[in-house]
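Some notes on the structure that comes next.
Bear in mind that the values in this text are calculations on the coordinates, not laboratory data. This one's a predicted model, so the numbers in the text were calculated from it and none came from an experiment. All Cβ positions, glycine included, derive from the backbone under ideal geometry; neighbour counts span all protein chains shown.
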Amino acid sequence: MNRKHLSLFDKKTIPLLFSLAILAPVASGGGAIKEAHAYSEDKNWPCIQAKVIKLSAGQMWRGNPVKETDLTWQQNEDVKSLIKQIMPRRVTLKETEKIISDFAKKHSTNVNKQLEQSFLALLFETNKVRKEIIGGIGKFSSRQKSLSKRIIENRRKIVEFEKKDEAGTLTKEEDQQLAKLEQQLEWDIRIHEEREKSLEYVCESPVILEQRLFALSQQLKKFYK
């Protein structure tokens, strides 16, 4: 065909685009309270933050020992109502402290038990939300890896077609395939980059939930007798 195709990305650019998804090992950062958690060595985890599978009561609660398997709070309507009020991140910590204070006053005769159940409920619900987010991050990582592999493979095909073009042996059918591959490559890389831009925010979500759980558990403890 003897026509020069535009190389969208040279050999120096490609490794930079895919270092996060394929080439670079996942770094292990720390959550807000490292000692409290079990960590995963998941090599497919795309976040700088460590993959904390489940938050535990160990380093969060300073009252009497509580059992995470104790689900009696599920029959406590006041506790469930409290959790619904204080869990949403749009509710400030100043507001949650007032809500917890009113709750403690209402249950002054058995406040410790009520606060313990509130903490267990908070821990349970936070872990449930975090599990969904972590699962979503895992799916995100898999999609990015698949997309990265397709980009690298298409780039390899483009290079082969370009060599044939330079040698003057590129057929009309191959020229059409090359044009489609270049268009697909440009689109795939754009999607890959847009996803990577959102990764930082997504990766922070489990840590933010962990930090909020700790802050709320401290507020509950303030009213412990």
- Multiply the residue separation of Lys163 and Asp188 by 0.36 nm, subtract the distance between their alpha-carbon atoms, and state the gained length in nm to one decimal. 6.8 nm
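With a Förster radius of 45 Å, plug the Cβ-Cβ distance of Lys131 and Ala179 into 1/(1 + (r/R0)^6) and report the FRET value to the nearest 0.05. It would help to have the intermediate numbers written out before the result.
Numbers: r = 45 Å, r/R0 = 1.00.
E(calc), rounded to 0.05, equals 0.50.
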- Item | Computed E for Arg143/Gln85 - FRET, C-beta separation, R0 25 angstrom, nearest 0.05 | 0.10
- Task: Please give the residues of the stretch 121-148, grouped as numeric ranges, whose backbone N is less than 14 Å from a label point set 7 Å along the Cα-to-Cβ vector of Asp42.
- Result: 128-145
- Most exposed first, judged by fewest Cβ atoms within 10 angstrom, Thr126, Thr109, Thr96 run Thr109, Thr96, Thr126
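Taking each pair of different alpha-carbon atoms in the stretch 50-106 once, compute 1/r for the pair, average those values, and report the inverse of that mean as the Kirkwood hydrodynamic radius in Å to one decimal.
Values: mean 1/r = 0.0743 Å⁻¹.
It works out to 13.5 Å.
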- Item | Projected label distance in nm at Ile53 and Lys98, using a 7 Å step from Cα toward the beta-carbon | 4.2
- Suppose R0 equals 30 Å; then what is the FRET efficiency for Glu196 and Ser108 from their Cβ-Cβ distance, rounded to the nearest 0.05? 0.05
- Query: In cubic angstrom, how much convex hull volume per residue do the alpha carbon atoms of the stretch 99-154 span?
  - Reply: 65
- Item | Between the stretch 161-182 and the stretch 55-80, the Cα center-to-center distance that results, in Å | 65
